[in-house]
Structures are given as C-alpha cells and as structure tokens.
Amino acid sequence: MRRARSEDAAGIAHVHVRSWQVAYRDMLSRDYLERLSVAQRQHQWQARLKHDETRVVVAESDGRVIGFCAWGSCRDTEAVPCQIEVYSFYLDPAYWSRGVGRRLWQHALAEIRQGSSTRISLWVLTANQRALRFYRSLGFECDSGSRTSFELGGVTLGEERWVGTPEGLWRALCPA
C-alpha cells in the first residue's frame, strides 16, 4: 500500500472500470457498463492525481494496481467542520474477499487520522449489498435520513451516506 503517483492513473482507471462492470452488473444495463472507457477514466484520474485536493492510495500485486481509495474534503452541504469524504474505494474483483480491501482501508485510515478530521463519510448504492456489508464491517453506520436517488444510464439508483469517526473506525478495524 502506498500513495498513488501520476503513473498509476492507467491502473486506477482499469480497476475503476472493471469493478463497476462486475459490482454493478445487476444494477446498470450491460450496454452502459460495456461503454465505460478506461481511457476516459485514465484521463480523469491523471487530472485528479495532479492536484492535491484528492488523496489517493493504491494496493498493488506484482507491481500492478489492484485497488485504490480516494478521499478529500466532504462535498455535502451539511458537512461538519473537518469532515472527510471517501470519494472512491474500488478493488479489482479478482481480489475481493481476500482481505486486500481491509488492508487498503487500514492504510488510508492511518493517513486520514494524521489530519484533523472529526468525521468520515461516504456514499454507497443501496442495492450494493456487498459494499454495504464491507462498510458495516469497517465500523461505518448508515446516516439515517440521508437516502436519495439519482439517474444513471437510464436507471434510477438509490444511495445513502454512511459515516464514522476516525477513532471509532480505527477501533472497529483494529480492536484491542
């Protein structure tokens, strides 16, 4: 686990697209998922990695990016001061359920805890049961009343905010 560099943009983009294609296959149309562009995501990630507003860490295997976590200042209008938002957390599906995601989160959370954040939030699709179980296992809790919906690829999707404090999430991840 390490901080992402600009040359990681291609690997991050590949993981981003591949994980969407597998994780969201029952939520979005096959056509929509097949049209996702690694090249377009790579361009987006190159731009993000150039600027320091988004922090990104990656997990690697044999020198290849297999997962990433990106975070920064919370974009929610009702965010509390010093709130961090996890923007993206994706892992190559070949590495799901192997502990890699948990170790990646531990690395990201260790970095987050070095700052002055008082709360961490993320948004997750309500139909993504795998992600909901994962975030619950990390100590996140659903922020009741945060449920909303949006349209993507001709499909209406529900999402909700999950929250935790850096110290509470650390205790859940590394119990004494």
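The values are calculated or read from the model by the stated rules, or taken from the named source; none is laboratory data. Predicted model only: the values in this text are computed from it and were never measured. Reconstructed Cβ throughout: ideal geometry from the backbone, glycine too, with neighbour counts over all protein chains shown. Just the protein is used for accessible areas: all its heavy atoms, side chains included, with ligands, DNA and RNA removed. Shrake-Rupley method; radii C 1.70, N 1.55, O 1.52, S 1.80 Å.
Just a few scattered comments:
- Residue 93 fulfils the conditions (1) at pLDDT 95 or above; (2) loosely packed, with under 13 Cβ neighbours inside 10 Å except for a single criterion, (2).
- In the stretch 1-100, counting only helices (runs of 4 or more DSSP H) that sit wholly within it, none holds 2 or more residues that are of a type in the set (Phe, Trp, Tyr), over 14 Å from the mean Cα position of the chain (by Cα) and within 27 Å of residue 158 (Cα to Cα).
- Residue selected from the stretch 55-90 under the condition out of contact with any Lys or Arg (no Cβ under 6 Å at 6 or more places or on another chain) and polar (S, T, N, Q), by the criterion least open to solvent (accessible area, probe 1.4 Å): 88
- Selection of the stretch 23-46 for residues being out of contact with any strand residue (DSSP E or B) (no Cβ under 9 Å at 6 or more places or on another chain) and among the hydroxyl-bearing types (Ser, Thr, Tyr) yields only 37.
- Residues located in the stretch 130-159, provided they are open to solvent by 40 Å² or more (accessible area, probe 1.4 Å), in contact (Cβ under 8 Å) with a residue 60 or more places away in the chain and assigned to a helix (DSSP H, G or I): 130
- Test: residue in the stretch 39-47 that is farther than 19 Å from residue 1 by Cβ and in contact with a Gly (Cβ under 6 Å, 6 or more places away or on another chain): no
- Test result for residue 105, assigned to a helix (DSSP H, G or I), among the aromatic types (Phe, Trp, Tyr) and crowded, with 21+ Cβ neighbours inside 10 Å: yes
- Of the residues making up the stretch 160-171, not a single one is assigned to a loop (DSSP other than H, G, I, E, B), open to solvent by less than 70 Å² (accessible area, probe 1.4 Å) and not hydroxyl-bearing (Ser, Thr, Tyr).
- Members of the stretch 28-54 found to be open to solvent by 70 Å² or more (accessible area, probe 1.4 Å) and of a type in the set (Lys, Arg), listed by number: 30, 35, 48, 50
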